[in-house]
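Participant: Once you've had a glance at the structure underneath, I'll fire off some questions.
The values are calculated or read from the model by the stated rules, or taken from the named source; none is laboratory data. Everything quoted here is computed from the prediction, not taken from an experiment. Neighbour counts run over all protein chains shown; Cβ positions are idealised from the backbone, glycine included. Accessible surface areas use protein heavy atoms only, side chains included; no ligands, DNA or RNA. Shrake-Rupley method; radii C 1.70, N 1.55, O 1.52, S 1.80 Å.
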Amino acid sequence: MEMQEMGSKLTSKDIYDPENLSLNDAVIQFNGGCTGEIVSSHGLIFTNHHCGYSAIQSHSTFEHNYIKDGFWAKSYKEELPNPGMYVTFVRKIQEVTDKVLKGVQDNMDENLKKSIIQKNINYLIKTLPKKKWQEIQIKSFYDGNKFYAFTVENYKDIRLVGAPPSSIGKFGADTDNWMWPRHSGDFSIFRIYADKNNHPAEYSPDNVPYHADKYFRISIKGIKAGDFFLIYGFPGRTQEYLPSFAVEQKVNIINPARIELREKVLNVMDQFMKNNDTIKLEYTAKYARIANYWKKWIGESQGINKTKAVERKKAFEKEFIKKVQEQNLDPSYRIIFNEFQNLYNQIKNPELARNYFVETFYLNNDFLKRSLMIYQLEKLYETEGKDEFKKNREKFLSRIQSTFSNYNPQVDQEIFKTLLKLYLEKMPAKYLDEESKNKNVEELAKQFYASSILNNKKALTKLINKNPKKFIKSIENDNGYAFLKKFIQTYYNKISPDYYSLRDKINKLQKKYMSGIIKTSSRMPLPDANSTLRISYGIIKGYEPRDAVYYFPISHLRGVLEKYIPGDYEFDVPAKLIQLYEKKDFKPYSTSGEMPVNFLGSAHTTGGNSGSPAINKEGDLIGINFDRVWEGTMSDLYYDKKISRNIMVDIRYILFIIDKFANNQRLINELDIVH
Ligand code: ARG
Ligand code: GLU
């Protein structure tokens with residue numbers, strides 16, 4: 001195996017073994033999105049600060065601001081429960097392609113195919129052997145060419161144990177996000193609680209710390225450029241096998257549209273946040289969420305251009321056709337790229353329209369979000385009746401109410417105007433009526449924010465709690481809702497059907513293309529990420545972001561002090577950390593007089609890999625993955641080993657913070673540290 005040639009001493013059974021304890025028993029998916037690792041026999045978890053952020057925030061009050069000051073439980077008793085939070089272990093993985101595709105024929109109607117596949121999946125979920133406390137998940141690989149079943153365990157009592165202050169955990173915030181050099185202590189600590197049999201259970205004060213037979217040893221021997229490492233986690237989504245047209249469309253049309261839109265929203269927020277500390281506090285998390293992908297898309301488009309990814313894909317496609325001919329494969333493979341081109345041309349407008357809709361009504365504005373949720377509630381009543389309405393009312397209500405927390409109507413109104421103007425200007429003509437186009441957005445915004453029920457939490461709550469008929473009647477009479485409803489209807493009645501009918505065709509073609517790639521490759525290509533457990537490995541390594549500039553792969557506490565801006569919301573440094581730095585009080589974690597903070601490697605990672613353990617050749621924990629470098633973010637579409645790098649926090653910095661900064665020796669004593 002290539003890994004061994006790179007210096008790894010790990011065998012595949014060390015990494016995954018369904019019959020015995022192996023590293024997979026110490027890696028968890030954290031709350032559905034991130035990754036985490038078990039680091040003690042008492043179910044202690046390390047993950048990122050940004051993965052624990054909302055939990056940390058939910059326990060914060062004005063007096064106890066754990067986001068600002070950090071949080072450190074001094075005993076089990078002080079560990080804080082987080083309703084709704086869960087972590088997932090993967091115990092067993094098996095291929096079930098034949099079972100999922102049973103009864104499916106290639107030339108079948110697509111909807112029939114889908115329904116047979118779904119039936120087979122439901123059957124497998126019910127019938128595959130599992131323990132009472134386990135669940136079965138079926139996931140598609142290679143664009144539907146293969147299927148695997150995962151036997152998983154979801155633990156639901158997860159408590160917050162520790163978090164550094166934001167000035168450590170989120171040091172550099174949005175300015176440094178996706179960037180190198182980086183200096184953030186992006187970690188937080190949780191613990192799994194289980195019932196008396198060590199099985200998953202809902203929160204109960206009677207639950208006990210989960211007993212882990214397998215957990216990571218932690219190595220403080222240190223790392224250096226050239227070392228092998230491995231990332232084990234739950235990467236969300238990559239699309240390495242898209243045809244060149246799709247990549248071209250994404251970077252030249254879709255990304256620029258989304259970047260422009262978000263940039264405008266961020267500018268509005270920024271104007272308010274700059275001048276008002278309360279608003280800054282309320283909008284920091286929203287700003288960070290919107291800015292995260294805004295910045296990523298910019299990097300992605302630049303990276304695709306810089307690496308000439310589209311040209312390289314075109315060359316790959318030419319080669320593909322040649323091999324198809326040489327191997328005498330089905331002649332329909334030869335016209336696959338014409339078909340792709342045709343379909344991607346057709347989907348351009350629906351795809352753009354869908355992005356404008358989703359960004360406007362779903363992701364960036366609270367007032368518009370409410371209009372969409374109200375619409376969905378109304379539809380639910382119309383299509384499913386009053387019982388379903390009543391059954392789902394609470395869920396909708398809590399989602400709608402949450403849009404009123406950290407909410408400033410004035411800021412929201414400015415964003416509303418910005419978004420709506422852009423919407424009317426940029427929405428492809430087919431999806432916009434003449435009348436709406438000529439509306440005076442300024443006027444409307446003023447009216448709606450003054451008098452629409454969508455801007456009134458109390459009245460809206462009361463209305464949703466009324467009987468459904470009354471709810472519909474009053475909401476239909478609301479000027480703001482009535483106006484926005486037209487756009488939402490256009491989305492559901494026109495944009496979405498156009499989009500999904502083309503998407504289905506593209507998916508079908510993509511599946512075929514993927515099967516062709518498999519047939520024409522000398523060895524099995526790596527499957528795209530799909531939120532399932534997998535490894536990625538690499539070498540600790542710097543890179544050359546541009547001509548004559550070289551980035552070294554390890555950053556140090558010295559660099560934190562270099563970036564220090566007293567009082568700044570991104571670059572402030574806690575006084576205690578400065579003291580520790582000045583005393584050079586780093587032992588035993590570092591004996592060189594320097595405290596390492598972050599390091600770079602060449603592993604191929606993506607969103608969802610946040611919190612993943614970085615493991616050395618012996619299988620010990622040396623860091624936690626948390627980001628990628630900006631120049632390499634196109635790796636979701638096209639990985640380039642020259643400039644794609646993942647960023648990890650050095651485990652020694654984490655231990656140093658727990659031990660010397662937080663004085664929490666109870667946690668240090670719980671860990672298995674190899675010197
Ligand atoms: N870029 C990292 C990721 O994609 C970190 C995001 C959290 N930080 C932030 N400033 N939004 O998740
Ligand atoms: N920060 C990302 C996450 O939360 C990891 C960075 C990336 O996209 O690689 O998963």
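Participant: When residues of segment 110-122 are filtered for being within 15 Å of K511 (Cα to Cα) and either open to solvent by 40 Å² or more (accessible area, probe 1.4 Å) or modelled with pLDDT under 95 (or both), how many remain?
Facilitator: Final tally of qualifying residues: 3.
Participant: Here are some residues: H42, H50. Which one is in contact with a His (Cβ under 9 Å, 6 or more places away or on another chain) and not β-branched (V, I, T)?
Facilitator: Going through H42, H50 in turn, just one is in contact with a His (Cβ under 9 Å, 6 or more places away or on another chain) and not β-branched (V, I, T): H42.
Participant: Follow-up. Collect the residues in segment 581-607 that are within 15 Å of ligand 2 (Cβ to nearest atom), part of a loop (DSSP other than H, G, I, E, B) and open to solvent by less than 10 Å² (accessible area, probe 1.4 Å), keeping them in residue-number order.
Facilitator: Passing the criteria: A603, T605.
Participant: When residues of segment 514-562 are filtered for being open to solvent by 60 Å² or more (accessible area, probe 1.4 Å) and under 30 Å from I168 (Cα atoms), how many remain?
Facilitator: Total satisfying the criteria: 9.
Participant: Among the residues of segment 17-29, is there at least one that is closer than 18 Å to N154 by Cα, open to solvent by less than 10 Å² (accessible area, probe 1.4 Å), within 11 Å of ligand 2 (Cβ to nearest atom) and not small (G, A, S)?
Facilitator: No, because not a single residue in segment 17-29 is closer than 18 Å to N154 by Cα, open to solvent by less than 10 Å² (accessible area, probe 1.4 Å), within 11 Å of ligand 2 (Cβ to nearest atom) and not small (G, A, S).
Participant: Sticking with this one: Hand me the list of strands (runs of 3 or more DSSP E) wholly inside segment 613-654 holding 3 or more residues that are within 16 Å of ligand 1 (Cβ to nearest atom).
Facilitator: Of the strands (runs of 3 or more DSSP E) lying wholly inside segment 613-654, those with at least 3 residues that are within 16 Å of ligand 1 (Cβ to nearest atom) span 621-628, 646-650.
Participant: Out of the residues in segment 45-103 that are small (G, A, S) and away from ligand 1 (no atom under 16 Å from the Cβ), state the one that is nearest to Y232 (Cα to Cα).
Facilitator: Taking the candidates together, the pick is G84.
Participant: Output the qualifying pairs, or none if there are none: Cβ atoms under 9 angstrom, residues six or more apart or on different chains, first residue in segment 292-308 and within 16 Å of ligand 2 (Cβ to nearest atom) and acidic (D, E), second residue open to solvent by 20 Å² or more (accessible area, probe 1.4 Å) and assigned to a helix (DSSP H, G or I).
Facilitator: Sorted first by the residue in segment 292-308, then by its partner, the pairs are E300/K250.
Participant: Residues that are under 30 Å from K505 (Cβ atoms) and in a helix (DSSP H, G or I): does segment 277-286 have at least one?
Facilitator: Scanning segment 277-286, I find no residue that is under 30 Å from K505 (Cβ atoms) and in a helix (DSSP H, G or I), so the answer is no.
Participant: Open to solvent by 60 Å² or more (accessible area, probe 1.4 Å), in a helix (DSSP H, G or I), more than 16 Å from ligand 2 (Cβ to nearest atom) and in contact (Cβ under 8 Å) with a residue 24 or more places away in the chain - does that describe any residue in segment 347-362?
Facilitator: yes
Participant: Need the failing condition index for G169 against (1) within 16 Å of ligand 2 (Cβ to nearest atom); (2) touching a Lys or Arg at 6+ places or on another chain (Cβ under 8 Å), just the number.
Facilitator: Here G169 meets the rest and fails (2).
Participant: Considering only segment 262-280, state which residues are of a type outside the set (D, E, K, R) and farther than 26 Å from G607 by Cβ.
Facilitator: Matches in segment 262-280: Q271, F272, N275, N276, T278, I279.
Participant: Would you confirm whether any residue within segment 403-411 is more than 19 Å from N479 (Cβ to Cβ), at pLDDT below 95 and open to solvent by 20 Å² or more (accessible area, probe 1.4 Å)?
Facilitator: Taking every residue of segment 403-411 in turn, at least one turns out to be more than 19 Å from N479 (Cβ to Cβ), at pLDDT below 95 and open to solvent by 20 Å² or more (accessible area, probe 1.4 Å).
Participant: Still on this structure: Select from segment 628-639 the residues that are open to solvent by 10 Å² or more (accessible area, probe 1.4 Å) and touching a Gly at 6+ places or on another chain (Cβ under 7 Å) and write down the one among them that is farthest from ligand 2 (Cβ to nearest atom).
Facilitator: E631
Participant: Out of segment 55-75, which residues are in contact (Cβ under 8 Å) with a residue 60 or more places away in the chain and either closer than 16 Å to S167 by Cα or open to solvent by 30 Å² or more (accessible area, probe 1.4 Å) (or both)?
Facilitator: Within segment 55-75, I56, Q57, H59, Y66, I67, K68, D69, G70, F71, W72, K74, S75 meet the criteria.
Participant: Follow-up. Looking at this structure, is Q249 at pLDDT 95 or above, more than 16 Å from ligand 2 (Cβ to nearest atom), in a helix (DSSP H, G or I) and open to solvent by 50 Å² or more (accessible area, probe 1.4 Å)?
Facilitator: No; evaluated as a whole, the condition is false for this residue.
Participant: Looking at segment 31-50 only, could you name the residues that are within 16 Å of ligand 2 (Cβ to nearest atom) and open to solvent by 20 Å² or more (accessible area, probe 1.4 Å)?
Facilitator: Residues satisfying the conditions are N31, G32, G33, C34, H50.
Participant: Sort out which residues of segment 159-192 are farther than 15 Å from V573 by Cα, among the hydrophobic types (A, V, I, L, M, F, W, C) and either open to solvent by 10 Å² or more (accessible area, probe 1.4 Å) or near ligand 1 (Cβ under 10 Å from one of its atoms) (or both), and write them in order of number.
Facilitator: W178, M179, W180, listed by residue number.
Participant: From K139, K214, K132, grab the single residue that is away from ligand 1 (no atom under 16 Å from the Cβ), within 26 Å of R534 (Cα to Cα) and within 20 Å of the chain's Cα centre (by Cα).
Facilitator: K139
Participant: If you take the residues of segment 563-580 that are in a loop (DSSP other than H, G, I, E, B) and of a type in the set (A, V, I, L, M, F, W, C), which of them is surrounded by the fewest Cβ atoms within 10 Å (Cβ to Cβ)?
Facilitator: Per the criteria, the residue is I565.
Participant: Can you confirm whether N669 is free of Cβ contacts under 8 Å to residues at least 60 places away in the same chain and either open to solvent by 10 Å² or more (accessible area, probe 1.4 Å) or away from ligand 1 (no atom under 14 Å from the Cβ) (or both)?
Facilitator: Taking the combined requirement at face value, the residue satisfies it.
Participant: Can you tell me which residue within segment 278-320, out of those that are away from ligand 1 (no atom under 16 Å from the Cβ) and small (G, A, S), is most open to solvent (accessible area, probe 1.4 Å)?
Facilitator: Only one residue fits best here, namely A315.
Participant: Select from segment 1-41 the residues that are among the hydrophobic types (A, V, I, L, M, F, W, C) and within 16 Å of ligand 1 (Cβ to nearest atom) and list them in ascending order.
Facilitator: F30, C34
Participant: Of all residues in segment 363-390, which are of a type outside the set (A, V, I, L, M, F, W, C), buried (at least 18 other Cβ atoms within 10 Å of the Cβ) and part of a helix (DSSP H, G or I)?
Facilitator: D366, K369, R370, S371, Y375, E378, Y381
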